[in-house]
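A short worksheet on the structure shown next.
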Amino acid sequence: MAQLLNSSFTPTSRALRRQSVPLITQPTSRKSQIQAKIREIFMPALSSTMTEGKIVSWVKSEGDKLSKGESVVVVESDKADMDVETFYDGYLAAIMVEEGGVAAVGSAIALLAETEDEIDQAISKAKEQSSSSSPSPPPPPPAATVIPDSVAVATVVKPAPVAAVASTHPASDGGKRIVASPYAKKLAKELNVDLSGVIGTGPMGRIVAKDVEAAVVASVTVPVAAATDSTKPISTAPGIELGSVVPFTTMQGAVSRNMVESLGVPTFRVGYTITTDALDALYKKIKPKGVTMTALLAKATALALAKHPVVNSSCRDGKSFTYNSNINIAVAVAIDGGLITPVLQNADKVDIYSLSRKWKELVDKARAKQLQPQEYSTGTFTLSNLGMFGVDRFDAILPPGTGAIMAVGASEPTVVATKDGRIGMKNQMQVNVTADHRVIYGADLAQFLQTLAKIIEDPKDLTF
């Protein structure tokens, strides 16, 4: 299929292969199809919301011979870092976007030559394209640009696998290139850390921010007993230059666009107080079996949504809405440099133990930037939990394309009046739901929250 689409890059899994969509490219002349054997490598679309991507690292260098299936470049999208593999044998003739550079989805980032003899020709074409596009600030493809004979689309492949940690990055050219995230490089510069001596724990051994911070801590070798008043204090926290202007990362840019887009949706909010004594007791009982509170909340929410499908619906065009066939609970997770929402799919049907194992797996992949698109883009209802930070209540912003999001506060001991008129103590938490008022109304949310409260206050169904 990829050969029919003239794509030099292809997914490695069936799931991703179904998701790849070829870009429409300009037709090439019959003459160039016969003579030229150079393909453009395009910036891939790694998610439905991605408009541009950043080159994290080039795994291969200019002039390197490529074999089918080899990783060529690591691209940072708005959600994850992913390796892009070549579908054809050939040579990486010319890199048009260097490491750290940003390119729009569909724009050329490199040229692939079929034979070594065509490398010089590809370099010349890369220079032509660079010079012809530089005069116009918004770079539409110039009509005079020489189009290669076969246009290749870079498509998403498997996330960068986690390899055994080594002092030399497996994606480096004999150790000459240090592969690290943009933020890790910035942090290392601020803290004067030599990245060549840092062991990476990210995907494929890539150095991430926490590795730089760990290197700083490890470098403090002066015993506490030997410290004197004249000892210069050593700060292990990342340095922040006050007054500096810091550009958004790719992920932060995507979050910004989504938040601005959400302003166009008319929303309203409903709060509810839920007693959690029974849920807390259940959690204490089954926590040793690997069950997480996040999984319990997701399961309870999914069971409530099954009885109130309108709250699980979504409106995308402003003219109709969809009763989603699956209940997929997206849960907000803070990661280095941004926010992502891994999805617990079919949470109403999966048992609590499998759901907990899946959640731990998703969190690990999210923090390593290894989530696949279907693992973060298929949510139908979102949970945002700040209770672990002691926050008792807050409002969440509705993610575009969904019908509702629930903000969960901390469960705290509260003095309450019992039914017999006495004063008692119960653990209670506040939940606030933000919903799309075009589809979901006040009564819908009130009934949903009543059902959720009943499930949490009598959680016997959560373990089935």
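How many lysine pairs are close in the range 348-419, with Cα atoms under 28 Å apart and the two 8 or more places apart or on different chains? Mind dumping the intermediate values first?
Working: LYS349/LYS358; LYS349/LYS360; LYS349/LYS365; LYS349/LYS369; LYS358/LYS369; LYS360/LYS369.
Here the count comes out as 6.
Extension gain LYS189-ASP364, at 0.36 nm per residue separation less the Cα-Cα distance, in nm?
Values: separation 175, 0.36 × 175 = 63.00 nm, distance 2.70 nm.
Contour length minus the Cα-Cα distance gives 60.3 nm.
Could you pull out every one of the lysines with an alpha carbon less than 29 Å from that of LYS125, ignoring same-chain neighbours closer than 8 positions?
Partners within reach: LYS31, LYS37, LYS54, LYS60, LYS65, LYS68, LYS176.
Could you grab the relative contact order for the range 279-341? Cα pairs under 8 Å, six or more apart, rounded to a whole percent.
Contact order relative to length: 19 percent.
With the Cα gyration tensor of the range 299-344 giving a ≥ b ≥ c as the square roots of its eigenvalues, does the rule (a/c under 1.5 for rounded; else a/b larger than b/c for prolate; else oblate) give rounded, prolate or oblate? Spell out each step's value before the answer.
Working: a/c = 3.51, a/b = 1.43, b/c = 2.45.
Oblate is the answer for the range 299-344, as a/c is 1.5 or above yet b/c matches or exceeds a/b.
In the range 262-296, which residues have a backbone nitrogen under 19 Å from the label point lying 7 Å from LYS319's Cα in the Cα-to-Cβ direction?
Once the point is set 7 Å along Cα→Cβ of LYS319, 265-266 turn out to lie under 19 Å by backbone N, inside the range 262-296.
Give me the lysines in straight-line cross-link reach of LYS285: C-alpha distance below 18 Å, same-chain residues under 8 apart excluded.
Reachable lysines: LYS299, LYS460.
Which of the peptides 64-74, 262-272 is most tightly packed, and how do the rest follow, judged by the mean count of other Cβ atoms within 10 Å per residue?
Descending mean neighbour count gives 64-74, 262-272.
Using 7 Å Cα-to-Cβ label points, what is the ILE199/ALA281 separation (nm, one decimal)?
4.8 nm
Over the range 384-464, what is the relative contact order in percent, taking alpha-carbon pairs closer than 8 angstrom and at least six residues apart?
Reported relative contact order: 26 percent.
Mind checking the full-extension length gain between PHE394 and PHE268? Use 0.36 nm per residue of separation minus the Cα-Cα distance, one decimal, nm.
44.0 nm
Where the centre of each part is set by its Cα atoms, how far does the range 277-330 sit from the range 343-358, in angstrom?
10 Å
Gain in length, LEU242 to ALA443, computed as 0.36 nm per residue apart minus the alpha-carbon separation, to one decimal in nm?
Gain on extension, LEU242 to ALA443, equals 67.6 nm.
Coordinate-derived values only; no laboratory data. All figures in this text were calculated on a predicted structure; none of them were measured in a lab. Reconstructed Cβ throughout: ideal geometry from the backbone, glycine too, with neighbour counts over all protein chains shown.
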